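The values are calculated or read from the model by the stated rules, or taken from the named source; none is laboratory data. From a predicted model like this one, the values you see are computed outputs, not experimental measurements. Neighbour counts run over all protein chains shown; Cβ positions are idealised from the backbone, glycine included.
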Amino acid sequence: MEPGAVQTAVRDANLKGRGGAGFDAGQKWSFVPMDEAAIGPKYLVVNGDEMEPGSFKDRLLMEGDPHQLLEGAIIAAYAIQADVVYLFLRWEYRLAARRLERAIAEAYGHGLLGRGILGSGFSLELHLHISGGRYMCGEETGMLNAIEGRRANPRSKPPFPQTAGLWGNPTVVNNVETLCNVPHIINRGADWFRALSWTAEGGTKIYGASGRVASPGAWELPLGTTLRELLEQHAGGMQPGYRFRGLLPGGASTDFLTTDHLDIKMDFASVEAAGSRLGTGTMIVLDDRSCPVGMVLNLERFFARESCGWCTPCWGGLRQAVQLLEGLEAGRGREEDLAQLESLAAMLAPGHTFCALAPGAAEPLGSALRHFREDFERHVREARCPWSER
């Protein structure tokens, strides 16, 4: 297959990026200059950072089948005619690193990486890059800066990485799970891949669940499996003595969904229509014996700590949100604090900050204020956390 044909096959399969944004993978590849329009080396970056709280699917893929990821990366690199692949790995993933290092050495040993792969004339180098360990490295341009040895601050767009990425050269950044789908699309075809899904969005998805469910874990299922099936059948329902109140459907930086949303299909379009995002597809479940204010405080502390400080609304706004939530939990909350938190959630919305860190942090905060308003008001009214004695 010619590189353009590989791009077309992935685009026809309707493979949405599995890292959270859900952008069409084949379309992203098509933005890379090809043939005479391409100047200098081109790069593929594999995003294996996975520092989103509640997400663990990519770790399972890298530990369980590293060769699948390498094959997907090699095919993707061929499709955009990349010269070098950087596999950017979260530093805590020590077992994944060992298995990837061994798999990369085996791939080189069998002529699947290096000069003139399988006599094709296509050459590719692949390097494992262990992260220094910051959440901001998961943002694609922050990741590029980190690979270049710079501080992991986001870059302005445009230009986009597909035309000006690593060292100013065309670069594509793809998530681990996204690339793991690519070999199967090429082997079996776009029609086969689309038919795996319950919706128009193609393929399967690795869903996960954590929290007070009976069987926390991860499952590969048709994209569009309902939230109810995931919770009740695969996660085994709630643990004895606990009732379901809500969940974050795709890691920490998504909006809460509640019992009213249990029958939605877990695909990108359906979850967005319900007022949240599919994100990574790994759910964090809130039960009736856990404080939603405390849960949100825990998340906002994480996001505030991980802010790179590049823009004021992010580092200042998140810090202020943490202080207000800490006051509520400690019994110092005032009625006007709730209005201030709502204002902060609006201020941190998309378009108000340099990258998506702060808007993602605002999603659990703003949606908790909408869905669990009474819990916030009880903290003010009773001057304490109502769950503190449970």
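Scanning region 334-357 for residues that are under 22 Å from LEU247 (Cβ atoms) and part of a helix (DSSP H, G or I) turns up LEU341, GLU342, ALA345, LEU357.
Residues in region 288-303 that are among the charged types (D, E, K, R) and part of a helix (DSSP H, G or I): GLU300, ARG301. One residue stands out among those in region 1-22 that are loosely packed, with under 15 Cβ neighbours inside 10 Å and without any contact (Cβ under 8 Å) to a residue 24 or more places away in the chain: the one that is nearest to ALA269 (Cα to Cα), which is ALA5.
Taken over region 32-69, the residue count meeting the criterion of being out of contact with any Ser or Thr (no Cβ under 9 Å at 6 or more places or on another chain) and either farther than 21 Å from CYS137 by Cα or modelled with pLDDT under 95 (or both) is 13.
Look at (1) surrounded by fewer than 21 Cβ atoms within 10 Å (Cβ to Cβ); (2) among the hydroxyl-bearing types (Ser, Thr, Tyr); (3) within 30 Å of ASP288 (Cα to Cα) and you find that SER156 fails only one, number (3).
Counting only residues that are in contact (Cβ under 8 Å) with a residue 40 or more places away in the chain, of a type in the set (A, V, I, L, M, F, W, C) and assigned to a helix (DSSP H, G or I), region 305-324 holds 3 of them. Taking the stated definitions as given, is GLY331 over 18 Å from THR254 (Cα atoms) and either outside any helix (DSSP H, G or I) or in contact (Cβ under 8 Å) with a residue 12 or more places away in the chain (or both)? Considered against the rule, which asks whether it is over 18 Å from THR254 (Cα atoms) and either outside any helix (DSSP H, G or I) or in contact (Cβ under 8 Å) with a residue 12 or more places away in the chain (or both), GLY331 comes out as yes. Only one of the numbered conditions (1) within 16 Å of MET295 (Cα to Cα); (2) over 24 Å from the mean Cα position of the chain (by Cα) is violated by VAL380, and that is (1). Collect the residues in region 230-248 that are under 23 Å from the mean Cα position of the chain (by Cα), surrounded by fewer than 19 Cβ atoms within 10 Å (Cβ to Cβ) and under 22 Å from HIS371 (Cα atoms), keeping them in residue-number order. Of everything in region 230-248, nothing turns out to be under 23 Å from the mean Cα position of the chain (by Cα), surrounded by fewer than 19 Cβ atoms within 10 Å (Cβ to Cβ) and under 22 Å from HIS371 (Cα atoms). Across region 67-84, the number of residues qualifying as in contact with an Asp or Glu (Cβ under 9 Å, 6 or more places away or on another chain), surrounded by fewer than 23 Cβ atoms within 10 Å (Cβ to Cβ) and closer than 18 Å to GLY111 by Cβ comes to 3.
Only one of LEU166, LEU223 is of a type in the set (A, V, I, L, M), in contact with an Asp or Glu (Cβ under 8 Å, 6 or more places away or on another chain) and either within 30 Å of VAL285 (Cβ to Cβ) or without any contact (Cβ under 8 Å) to a residue 12 or more places away in the chain (or both); which? So the residue among LEU166, LEU223 that is of a type in the set (A, V, I, L, M), in contact with an Asp or Glu (Cβ under 8 Å, 6 or more places away or on another chain) and either within 30 Å of VAL285 (Cβ to Cβ) or without any contact (Cβ under 8 Å) to a residue 12 or more places away in the chain (or both) is LEU223.
Per-residue answers, yes or no, for (1) of a type in the set (A, V, I, L, M, F, W, C); (2) within 17 Å of the chain's Cα centre (by Cα):
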| position | (1), (2) |
| --- | --- |
| VAL10 | yes, no |
| GLY17 | no, yes |
| MET34 | yes, no |
| SER55 | no, yes |
| MET62 | yes, yes |
| GLU71 | no, no |
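Selection over region 180-220 of residues that are aliphatic (A, V, I, L, M) and either farther than 30 Å from LEU44 by Cα or touching a strand residue (DSSP E or B) at 6+ places or on another chain (Cβ under 6 Å) (or both) gives a count of 6. Counted as qualifying within region 208-287 are the strands (runs of 3 or more DSSP E) with 3 or more residues that are over 16 Å from PRO364 (Cβ atoms) and at pLDDT 95 or above, namely 217-222. Filtered by the rule that a residue be crowded, with 22+ Cβ neighbours inside 10 Å and under 20 Å from PHE122 (Cα atoms), region 27-49 gives TRP29, VAL32, LYS42, TYR43, LEU44, VAL45, VAL46.
So which of LEU318, LEU297, LEU324 ends up being buried (at least 24 other Cβ atoms within 10 Å of the Cβ) and in the same structural domain as GLY366 (by TED's automatic domain parsing)?
After applying the criteria, what remains is LEU318.
Has region 140-148 got at least one residue that is of a type in the set (A, V, I, L, M, F, W, C), at pLDDT 95 or above, assigned to a strand (DSSP E or B) and under 27 Å from ALA304 (Cα atoms)? The answer is no, given that none of the residues of region 140-148 is of a type in the set (A, V, I, L, M, F, W, C), at pLDDT 95 or above, assigned to a strand (DSSP E or B) and under 27 Å from ALA304 (Cα atoms).
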